1. How many residues are more than 24 Å from Ile151 (Cβ to Cβ) and touching a residue at least 24 places away in the same chain (Cβ under 8 Å) if we restrict to the range 173-198?
2. Restricting to the range 76-93, give me the number of residues that are acidic (Asp, Glu) and touching a helix residue (DSSP H, G or I) at 6+ places or on another chain (Cβ under 9 Å).
3. Restricting to the range 84-95, name every residue that is under 19 Å from Leu30 (Cβ atoms) and in a loop (DSSP other than H, G, I, E, B).
4. Kindly indicate the residue of the range 144-183 that is at pLDDT below 85 and among the aliphatic types (A, V, I, L, M) and also nearest to Asp99 (Cα to Cα) among those meeting that condition.
Amino acid sequence: MSTAEALNCPNCGGAVMSDRTQCEFCGSHLKTVGCAACLGMMFLGSKFCGHCGATAYAAELIHDEHPGDCPRCKVKLQSLKIDTVLIRECERCGGFWSDIAAFEHLCATVIGFIGSYAHQNADAPAISYVPCPDCGQLMNRSNFARSSGVIIDMCKQHGVWFDAGELPKIIDFIDKGGIDRSREKEKIAIADERSKLRDEERRLAMIARRSGSAPLSDDKFNSGFGGILSRLFDL
């Protein structure tokens with residue numbers, strides 16, 4: 001997480017430390033975000049980045065009749081539009097909900113925002129399975145990219161829940177080449193498993209020839225390999 005620094009409140013212009021969630025001068029609620037151009041820290045609502053002068057992403061609250069409840073706090077989420085992306089945020093704990101398409105768009109185009117997003121006063125939640133804000137079913141817990149160490153809650157049908165502070169860790173992992181390293185490890189693991197399966201196929205074929213029974217079919221081999229692929233890539 002980024003080191004605290006003095007920033008200007010977008011409402012009154014007062015100097016406030018970046019780890020504060022409320023302006024001590026005007027009382028405005030504050031969120032720290034990152035500039036999409038230089039990744040410098042600023043408060044959500046600022047029109048320009050104080051580091052490089054780039055235009056900041058516009059963010060606004062929007063009305064949503066069915067925002068769903070925070071899976072942690074059980075309070076209504078609030079819908080927030082950042083540029084063209086819609087997310088639903090919990091004001092209490094700082095976590096937020098993103099559908100799958102929005103998450104992919106965030107990672108691709110709004111990386112500056114989610115890279116520095118944090119709710120500084122949120123306590124680390126206890127590890128538990130939580131319900132999807134849309135369908136109410138308990139979500140799966142998954143290690144993002146299998147090697148990031150960031151455990152996210154995901155409903156495969158509806159979206160992803162991020163506790164406060166998880167997105168900065170994920171983006172830091174991506175920025176440092178974690179996805180590429182993860183893919184290379186998967187390729188090596190698949191090649192290793194495939195080699196082992198072929199060795200096993202040859203061994204069984206040799207046993208079959210000696211005993212006069214039918215050799216292992218290609219269908220069985222492919223089925224086993226497909227199962228390994230599914231296990232490697234299943235979230």
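The values are calculated or read from the model by the stated rules, or taken from the named source; none is laboratory data. What you are looking at is a predicted structure, and each value in this text was computed from that prediction instead of being measured. Positions of Cβ are generated from backbone atoms using ideal geometry, with glycine treated the same way; all protein chains shown enter the neighbour counts.
1. The qualifying residues number 3.
2. Keep residues of the range 76-93 that are acidic (Asp, Glu), which gives 83, 89, 91.
Retained after the next criterion (residues that are touching a helix residue (DSSP H, G or I) at 6+ places or on another chain (Cβ under 9 Å)): 83.
Count: 1.
3. Hits for the range 84-95 are Cys90, Glu91, Arg92, Cys93, Gly94, Gly95.
4. Leu167
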